[in-house]
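J.: Can you keep this structure in mind? I'll have questions shortly.
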Amino acid sequence: MHFTVVFSGLSGVCDRLRQARVRTPAAGSFSNVVKLKMAAVLQFPASVSTFNNYNDLYPDWTQTEVSTGTSIMAVEFEGGVVIGADSRTTTGAYIANRVTDKLTPIHERIFCCRSGSAADTQAIADAVTYQLGFHSIELDEAPLVQTAASLFRDMCYRYREELMAGIIVAGWDPRRGGQVYTVPVGGMMTRQPVSVGGSGSSYIYGYVDSNYRAGMSKEECLKFTAEALTLAMERDGSSGGVVRLAVISEQGVERQVILGNQLPKFSTV
Amino acid sequence: MASVSVCQYHSGGFSFENCKRNALLEADINKLGFSSPAARKTGTTICGVVYKDGVVLGADTRATEGMVVADKNCSKIHYISPNIYCCGAGTAADTEMTTQIISSNLELHSLSTGRLPRVTTANRMLKQMLFRYQGYIGAALVLGGVDCNGPHLYSIYPHGSTDKLPYVTMGSGSLAAMAVFEDRYRPNMEEEEAKRLVRDAIAAGIFNDLGSGSNIDLCVITKGNVDYLRPHDMANKKGVRTGSYRYKHGTTGVLTKAVTPLNLEVVEESVQTMDTS
C-alpha cells in the first residue's frame, strides 16, 4: 500500500485539513476517497504491489511500478542554476537501472529533475517538451522557466489522482536569470532558491537548511549539491549509483558525472 | 477543492473502474476455493547487449500457464521492422499483439517518411501505448535494432517507462541473466564474444529460474543484416529413455479369443504429425 501524505498550507490550493490518501493498486479515479492534506511534502518510494494471483514464481516486477526512488536537488546562483540527481531506478527491491539520467532536458536551457513513478514522469516530461517546443516556436524566442513550470503544474494538478510525480523544474532564461521551481506530488508550484525532492530528500533537509547561503558561486553550488546528494544516497535505500550534475547558464549546459568512488567522503559514511 | 462524489463524471480517457471490480471478484472466487483461469505467461529470460557492430538479442523458449509448461518452444523475439526486433516478457498475448500493432504502425510510418525506421521511434510508440493502458497490458519488452544513428537497445516496462542502456535483461530470470552481464560485459565486444555472453546469460536464466527453460534463441542485428538464430542452442534436449516398458509377445497368456469384424469403408485418409518434441 502506498501512502501519500502531503502537507500544504501554501499557494492557495487548499487550507482545509483532509484525510491521508490511500493509493490502491488499480489506477482508477479516487474521487470516492476523502483526502486529508497537511503541511510539508514527503516523497515515499513508490512500490505499489498489486494483487499477485500468480504464484511467487515470478517476481512482482510485472505488477510493481517502476519508481525513481530518488534524491534530486536544484540550487539557484548568480547567473544560472545547478541541478543534481542520483541514478537509481527501482522495481520493488530490484534496481532496474543503476545509471539512470533523471535530469531531463525540456528545452535548450530548461531541465527537469524527475522523482516518483518512472513511467508517469517520463510521459509528463515528453508531453511538456512537446508543448514547450511548440510554444517557443510560436513565440520565436526562448521560453521562460516559469512557463515550463506552469505546464508541469497544469498537468500534475489536473491528473493528480492518476499520477505520482514530484518534479523540480530549473533553468535559465534571459528575463529572470536562473530559477528553480518545485512541482511536488499534488500539483503545487512554487519558486524556491534551493529545492530538494525524492525519497532521499527527507534525510538532507537539515543539511541543506544549515549549509545554504544566498550568493554562492557556481563552484560552491556544485560542491554543496554533490555533498547533499551523497549524504542522501548514503541514507536512503532507494537512492544510489552515481551523482549526475548539470550547470545551466547563459552560456549553455555543462553536465558532469561523479562516479561512486569519487563521491565526497564524510566521517560516518 | 476536489469534489468528493462517487458518481463523478469521468471526462475523457480510459476508465479502469472495472479492473478494481474484477480484482475484488477474483479475490472472492479464490476465497471459495476456485481459481480463475491463469493467463499464459512467458515466465522468461530475455536480454540484449550492444556490441561493436550492432545488437544481440536473446530469449529462452518456455511459455507457462500457471505451473504447467504450455509451449516448450515458443518464439519470444518478435519482428518489428527489418532492422528492429523486440523480445517480450510478461503475458504472452500482450507481448504478441503489442509488437504486432507497433510493427504495423511502424511500417506505415516508414512508408510515409520514405526512410528506414529508427529504434527510438519504435520505443516512443511502445511506451506511449503502454502508458495509455496504465500497466494493464502486461508487456515487458527488450527492444533492439540498428538504424542510421547506430545500434540502440531499450528496455520497456509495462507501465510505460523506458531505459536506454548498453545491456538489459527482463523477465523472471532477469536477475540471473543480469548477474552474468554485470560480470562479463565490456563495451565494443566482438560478435562471437557478444553471442557467447548473451547465450550464457539466457542459460543462467534457464537453469536457475523455474519460469524459463528449453532452448536459447538469438537474434544478431547489424547494419544491413539480421541473423535470426532459432534455436541457437538446444540447452534442454529431451533425453533417451534407458529402459523400456514393452513386454515380449506371449508374456500374458491368452485364454479365449473372440473376433468381430467391422465392415467399414475407408473414404479418406490424412496424416497429421503431432509435435512431440
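J.: Could you tally the net charge around B:Asn123, taking each other residue with its Cβ under 13 Å from the Cβ of B:Asn123, Lys/Arg +1 and Asp/Glu -1?
T.: Its environment carries a net charge of +1.
J.: Moving on to the next point. If you rank A:Ser201, A:Ser210, B:Ser15 by fewest surrounding Cβ atoms within 10 Å, what's the result?
T.: Ordered from fewest to most neighbouring Cβ atoms within 10 Å, A:Ser201, A:Ser210, B:Ser15 come out as A:Ser210, B:Ser15, A:Ser201.
J.: Dividing the convex hull volume of the alpha carbon atoms of chain B by its residue count, what do you get in Å³ per residue?
T.: Once divided by residue count, the hull of chain B is 297 Å³.
J.: Here is a follow-up. Going by amide H atoms built from the backbone, whose H comes under 5 Å of the H on B:Met189, apart from near neighbours?
T.: Answer set, sorted by chain and number: B:Lys52.
J.: Determine the equivalent ellipsoid of segment B:217-277 by diagonalising the alpha-carbon gyration tensor, then write out the semi-axes as square roots of 5 times the eigenvalues, largest first, rounded to whole Å.
T.: In descending order the semi-axes read 49, 24, 5 Å.
J.: For chain B, what is the charge dipole size about the Cα centre, in debye to the nearest 20, if Lys and Arg each add +1 at the Cβ and Asp and Glu each add -1 at the Cβ?
T.: That gives a dipole near 340 debye.
J.: Also, I was wondering about something else. Could you go through segment A:103-112 in sequence order and give the Karplus-derived ³J(HN,Hα) for each residue, using 6.51 cos²θ - 1.76 cosθ + 1.60 with θ = phi - 60°, rounded to whole Hz, and x for Gly and Pro?
T.: Going residue by residue, I get 9, 9, x, 9, 8, 3, 10, 9, 10, 10 Hz, with x marking Gly and Pro.
J.: Which of B:Phe16, B:Phe181, B:Phe34 moves most in a GNM of chain B, Cα contacts under 10 Å?
T.: Highest fluctuation of the listed residues: B:Phe34.
J.: If only Cα atoms are counted, what is the Rg of segment A:72-258, and what is its Dmax, in Å?
T.: Cα-based Rg and Dmax for segment A:72-258 come out at 15.3, 46 Å.
J.: Further question: Starting at the first residue of segment A:179-184, write each ³J(HN,Hα) from the Karplus equation 6.51 cos²θ - 1.76 cosθ + 1.60 with θ = phi - 60°, in whole Hz, x for Gly and Pro.
T.: 9, 10, 10, 10, 10, x
J.: Considering only Cα-Cα distances, which of the following residue pairs are longer than 21 Å: B:Lys127/B:Lys195; B:Lys52/B:Lys76; A:Lys223/A:Lys265?
T.: From B:Lys127/B:Lys195; B:Lys52/B:Lys76; A:Lys223/A:Lys265, over 21 Å: B:Lys127/B:Lys195; B:Lys52/B:Lys76.
J.: I need B:His109, B:His152, B:His249 ordered by Cβ neighbour count within 10 Å, fewest first.
T.: By the 10 Å Cβ count, ascending, the order reads B:His249, B:His109, B:His152.
J.: Roughly what angle does helix B:119-132 make with the longest principal axis of chain B, taking Cα atoms, 0 to 90 degrees, to the nearest 10?
T.: So the inclination is approximately 80 degrees.
J.: Going Cα to Cα from B:Lys248, which lysines come in below 24 Å? Please leave out same-chain ones fewer than 8 positions away.
T.: Excluding near neighbours in sequence, the set is B:Lys257.
J.: Right, something else. Counting only C-alpha contacts under 8 Å and six or more residues apart, can you give the relative contact order of chain B as a whole percent?
T.: 21
J.: Near B:Lys72, which lysines are there with a Cα under 18 Å away, not counting those fewer than 8 places off in the same chain?
T.: B:Lys41, B:Lys237, B:Lys238
J.: Just how far, in whole angstrom, is segment B:25-91 from segment A:180-258 if you go by their alpha carbon centroids?
T.: Using only Cα atoms, the two centres lie 40 Å from each other.
J.: What's the extension gain from B:Asn22 to B:Val266 if we count 0.36 nm per residue and subtract their Cα-Cα distance?
T.: Between B:Asn22 and B:Val266, full extension yields an extra 82.7 nm.
J.: A follow-up question, please. Mind pulling the angle between the C-alpha long axis of helix B:174-184 and the longest principal axis of chain B? Nearest 10 degrees, somewhere in 0 to 90.
T.: 70
J.: Amide H of A:Val180: which non-local residues (sequence gap of 5 or more, or other chain) have their own amide H closer than 5 Å, using H built in the peptide plane?
T.: A:Gln192
J.: Select from segment B:207-277 those chymotrypsin sites (Phe, Trp or Tyr not before Pro) which occupy a DSSP coil region and have at most 12 other Cβ atoms within 10 Å, ordered by residue number.
T.: Working: sites: B:Phe207, B:Tyr228, B:Tyr245, B:Tyr247; in loops: B:Tyr245, B:Tyr247.
Counting only loop positions with at most 12 other Cβ atoms within 10 Å, the chymotrypsin sites (Phe, Trp or Tyr not before Pro) in segment B:207-277 are B:Tyr245, B:Tyr247.
J.: Note down the magnitude of the dipole of segment A:72-258 about its Cα centre, charges +1 on Lys and Arg C-beta and -1 on Asp and Glu C-beta and zero elsewhere, to the nearest 20 debye. Walk me through the numbers before you get to the answer.
T.: Working: 17 positive and 22 negative charges, 69 e Å.
My answer is approximately 340 debye.
J.: With all distinct Cα pairs included, what does the Kirkwood hydrodynamic radius of segment A:149-199 come out to in Å, to one decimal, could you say?
T.: Radius from the Kirkwood sum: 11.3 Å.
Bear in mind that the values in this text are calculations on the coordinates, not laboratory data. Here the structure is a predicted model, which means the values were calculated and not measured. Counting neighbours? That spans all protein chains shown, and the Cβs are built from the backbone with ideal geometry, glycine included.
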